[in-house]
Amino acid sequence: MRIIASLFLFLLVNSLFAQVQIVAEQDQDRNLTLFSMNPEKIPYTIRIEFSSLENLESMMGNIIFSVAEPGKSTLVKLKSIYVNEKTGFRYNTKLFKGDFTLPTQKDQPYLIPLEEGTKLSMRPLIVQVNSSGPKSSNPPYSGVGFFFEKPALVCAPRKGIISEIKMDKEVNTSGPTDFESENYLEIYHQDGTFTRLSGLKANSQKASLGETVIPGQPIAETIEQANPHVKMIQSRWEMGEMGMIWINFPIKILSASGESESSIPSEELISQHPKEVIILELDKKELKKFQK
């Protein structure tokens, strides 16, 4: 028999950025199970560090990483040491968007995020970090820019869920390495990675927050300006020596002339959305709808 530990409700319910809640349930043997309640459409990785355990034992250690799937998920079970003694605990949490435990599909090509038939060039984008230390001769890869002659529809490069939208800026900057002050859409993919498309026309989104989009689906418009361009960044959480770190990584770009590396400049490309590539990521329901 399992009962909710209502006497400890103040201590055992913890809200993480008003997105995910942690709830504890206690059984008749005083064992505790921590659950996550995630109202979002995408998962979150939660770091839990127990600072105090009273008559409880965590078989996973005092620091754990667990995934809060959409809805209710089990995070960790705490075993009571002595049945007739009271239990209690204290903990700290950190929340990371997405599921970092999933293996990245490194061989999965990305479509050029522009409507089919668009002529363009692309080049990697590098952001120099201001610091008092020596400048690196090989600064880290940040993303890729696509440059074309006239405004075009922006399309999803892979299947995913729209995880963030910021499309309310009427005045847009035009610098090719300005990522922070522009309108953007973020897509969360099935392998735990994210795509951010920025430099978009204000309020031009064609998909809503939490909506699943498929490769090649129009999701926004580009800005009408002298040198139209769109920036695309692929990112993920990765476990490093100092803990979780957010990294950007290069990808394979698919065009009419084949695959290209996003970290290598390319000229005279033409966007193409091959059916055989699109259907690779679709489930049965999506495939049936796509083939109509």
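The values are calculated or read from the model by the stated rules, or taken from the named source; none is laboratory data. Owing to the predicted nature of the structure, the values given are computational and were not obtained by experimental measurement. As a convention, Cβ positions derive from the backbone with ideal geometry for all residues, glycine included, and neighbour counts pool all protein chains shown. With ligands, DNA and RNA removed, areas are computed over all heavy atoms of the protein, side chains included. Shrake-Rupley method; radii C 1.70, N 1.55, O 1.52, S 1.80 Å.
Sparsely packed loop sites in the stretch 76-125 (the chymotrypsin sites (Phe, Trp or Tyr not before Pro) outside DSSP H, G, I, E and B with at most 14 other Cβ atoms within 10 Å) comprise TYR82.
Between the exposed loop cleavage positions of the chain, defined as GluC sites (Glu not before Pro) in a non-H, G, I, E, B DSSP state with at most 12 neighbouring beta-carbon atoms within 10 angstrom, the longest gap is 1-84.
Could you check how much of the accessible area of the chain is carbon and sulfur, as a whole percent, using a 1.4 Å probe? Answer for the chain is 52 percent, counting heavy atoms of protein chains only. Taking ALA207, ALA226, ALA156 in turn, the Gaussian network model of the chain (Cα-Cα springs below 10 Å) assigns the largest fluctuation to ALA226. Normalised by 2.2 N^0.38 Å, where N is the number of residues, the C-alpha radius of gyration of the stretch 148-292 stands at 1.08.
In the context of the full set of protein chains, the chain has a per residue accessible area of 54 Å² (1.4 Å probe). Stretching the chain fully between ASN84 and LYS206 yields a gain of 38.1 nm (0.36 nm per residue, less the alpha carbon separation).
Every Cα-Cα pair of the stretch 21-97 was included, and the share exceeding 22 Å stands at 23 percent.
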